[in-house]
Structures are given as C-alpha cells and as structure tokens.
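Below is one structure, written out as structure tokens, with a few remarks after it.
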Amino acid sequence: MTKNTTNTTYTKKGAADGTAQEGARVMGTVLVTSGTGKTGRRVAERLAALGVPVRAGSRAGEVPFDWQDESGWAAALDGTEAAYVAYYPDLAVPGAAGAMAAFGRVAAASGLRRVVLLSGRGEPQAAVAEEALRGACGEVELTVVRSAFFAQNFSEGALLDSVLGGELVFPAGSTAEPFLDIDDLADVVVAALTEDGHAGAVYELTGPRSLTFEEAAAELGRAAGRPVRYVPVSGPAYAEVLEGFGVFGPEAGFLAELFATLLDGHNSATTDDVKGVLGREAKEFTAFTREAAQDGAWHG
C-alpha cells in the first residue's frame, strides 16, 4: 500500500533517547471515548501517569458516553480540552460518517481544542468518516491514527479463544500483515494528545515486520507452549464462525467482509510512523507474544 500523501511524520524533541513524554505539555481534562476498551484503557492509564486529568467515557461508566445516543456527548465534553475518539464497532460501518459529523459539531461547540481519532488502515469507508469529522470540527485540531491489525486481538480480543483452542480460523489466506502492538498505538495517541506539532497529521501505524497468519500462528504457539495452526477460510465461512460465537448475523457478515477486504495484500507494507512519533522502533510481534505469555494470556 502507498502511504496517504497527507501523512506527515514528526520527530519529537527528546524522542531519540525515549524521553519525549517526560516533556509533555500539561493539559486540561481529556475525554477518552470507549474508555474501558482495549485502546481507551491504555490511553487513559498513560494520561493519568503523566498527571493529565482523564474523563473515561463509556456506556455504563461514571462518565456516560454512548455512540448511539448523542444526547450525552455535550456533557461528556464539557470542560475538556482534548478527546481521544475510538468509534465502536468500526469507522467503516454504515452510519459512522454521520456519527463523526455529529461529534465534530458538538466538539466544536464545546470549545474542544484537540481530537485524536482512531481509524483503520486501508479502509475506504473509514476515510469517509475521517473526512466527515474533519469537515465538522472547524478549528479543532485533528490528528488521525490509522492502525494495522492489533496484535492484542490474539491475546485479549476476538481471536483469543481460537489461540486457546489451537486453531486460528480466519479469512486472510496467505496475506502478510504488519501486526501492531496496542501499547505502541497508545503511546502515539498520548503523544498526539499532549504534545504540539501533530495537528493535521495522518499517521499509519504498523509493526516493524509483516507476517502471514500461518507464521503468526506458529509464533503464538511457541510462546503459548501449545500447537496453534492457521486455518484459512472464506469470508462467508468466517461469518458462520462468528455467528457460532453469538455475533448477530448482519454484524458477522460485515466483519467477515471487512477482514477479507483488509487482508487482500494492500496493507502488507510496513511504515516507520511509530518511530517517527516516538523516536523508537515499533514492538516486534515476537516480543509481543513473549510478553503476553509471561502475563498469562494463554493459560486458559
């Protein structure tokens, strides 16, 4: 895939020796949407560690925030300076662009200064949603972070049960993917939220090496201490697998089609945007598997 021409890479002062966040500008309150999710939780923890006031929004949390209920957005944004936007379930779903436009209008009206948006790499419909937010948020600074496939999907996400069961069933064929560690994503998001110089940037984040799912399964098996084999399936067949796990029919079909579309090879190339923002290399997939195993991810 050719990187988006709007992508701008920034090297932060102090990044070369890993001290970039130590000089982060102290900010006002940051709203973290989907604050209990895989990425939101990590972003909130890092902000709190920097002494930045955090407002973690979720449907059932202390700060109510529901992407299906716009009525609570203004209250969640009231008094905040920045926001991390992670739209559920995905920016490519029907209705996401409308939600982004609505959020942008509320954000602009609230006086928000900065937004960092999580997006999908190589997703045309997600790019439409990005533009909807960009067009609606006016003077609000917007940074877009487009992510490769999360490595943590194997350790705490939808594919955890597959790894535990020894069969990684997925519609990826022999396509290679540069799996991204979510900790790297969270570090980039926090940098964009707390440092100047990221306004208008579009970062495409990947790991440093592309692996096929067969190669990933082998590494997962070595780290987990049990055989894990990759079983390629078609998109429709994977939709049936998802339905077997209780995913509602239309959602299962959408997700299967999305995965098959994303894993057709156009996202296989790596980028150096993690290093450009943080001043260090992105985490290797092998390092992720070792750390996840040490943390007990596959002891089930």
The lone exception for E204 - which of (1) surrounded by fewer than 19 Cβ atoms within 10 Å (Cβ to Cβ); (2) in contact with a helix residue (DSSP H, G or I) (Cβ under 9 Å, 6 or more places away or on another chain); (3) not hydrophobic (A, V, I, L, M, F, W, C) it fails: (1)
Which numbered condition V247 fails, given (1) at pLDDT 95 or above; (2) under 27 Å from V32 (Cβ atoms); (3) among the β-branched types (V, I, T): (1)
task: Would you mind stating whether V190 is open to solvent by less than 30 Å² (accessible area, probe 1.4 Å) and in contact with a Lys or Arg (Cβ under 7 Å, 6 or more places away or on another chain)?
output: yes
field: Condition broken by T39, with the remaining ones in (1) polar (S, T, N, Q); (2) at pLDDT 95 or above; (3) part of a loop (DSSP other than H, G, I, E, B) satisfied
entry: (3)
task: Please list, ordered by first then second residue, the pairs with beta carbon atoms under 8 Å, 6 or more apart or interchain, first in segment 247-270 and touching a residue at least 60 places away in the same chain (Cβ under 8 Å) and closer than 17 Å to F213 by Cα, second open to solvent by less than 50 Å² (accessible area, probe 1.4 Å) and assigned to a helix (DSSP H, G or I).
output: A256/G235; A256/Y238; A256/A239; A256/L242; F259/G235; F259/Y238; A260/G235; A260/Y238
Residue tally, condition closer than 22 Å to T80 by Cα, open to solvent by 30 Å² or more (accessible area, probe 1.4 Å) and out of contact with any Leu (no Cβ under 8 Å at 6 or more places or on another chain), over segment 123-161: 4
Single residue of segment 65-90 satisfying the filter (at pLDDT below 95 and touching a Gly at 6+ places or on another chain (Cβ under 8 Å)) that is most open to solvent (accessible area, probe 1.4 Å): Y88
- prompt: Regarding L220, is this residue open to solvent by less than 40 Å² (accessible area, probe 1.4 Å), part of a helix (DSSP H, G or I) and more than 26 Å from P124 (Cα to Cα)?
  reply: yes
message: Just to verify a result, which residue in segment 253-284, among those that are within 17 Å of V233 (Cβ to Cβ) and in contact with a Gly (Cβ under 8 Å, 6 or more places away or on another chain), is most open to solvent (accessible area, probe 1.4 Å)?
response: E257
Those residues of segment 52-64 which are within 22 Å of G111 (Cα to Cα), of a type in the set (G, A, S) and open to solvent by 10 Å² or more (accessible area, probe 1.4 Å), in sequence order: A56, S58
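The values are calculated or read from the model by the stated rules, or taken from the named source; none is laboratory data. Not measured: the values here are computed from a predicted model. Every residue, glycine among them, receives a Cβ derived from its backbone with ideal geometry; neighbour counts consider all protein chains shown. Side chains included, ligands, DNA and RNA excluded: accessible areas come from the protein's heavy atoms. Shrake-Rupley method; radii C 1.70, N 1.55, O 1.52, S 1.80 Å.
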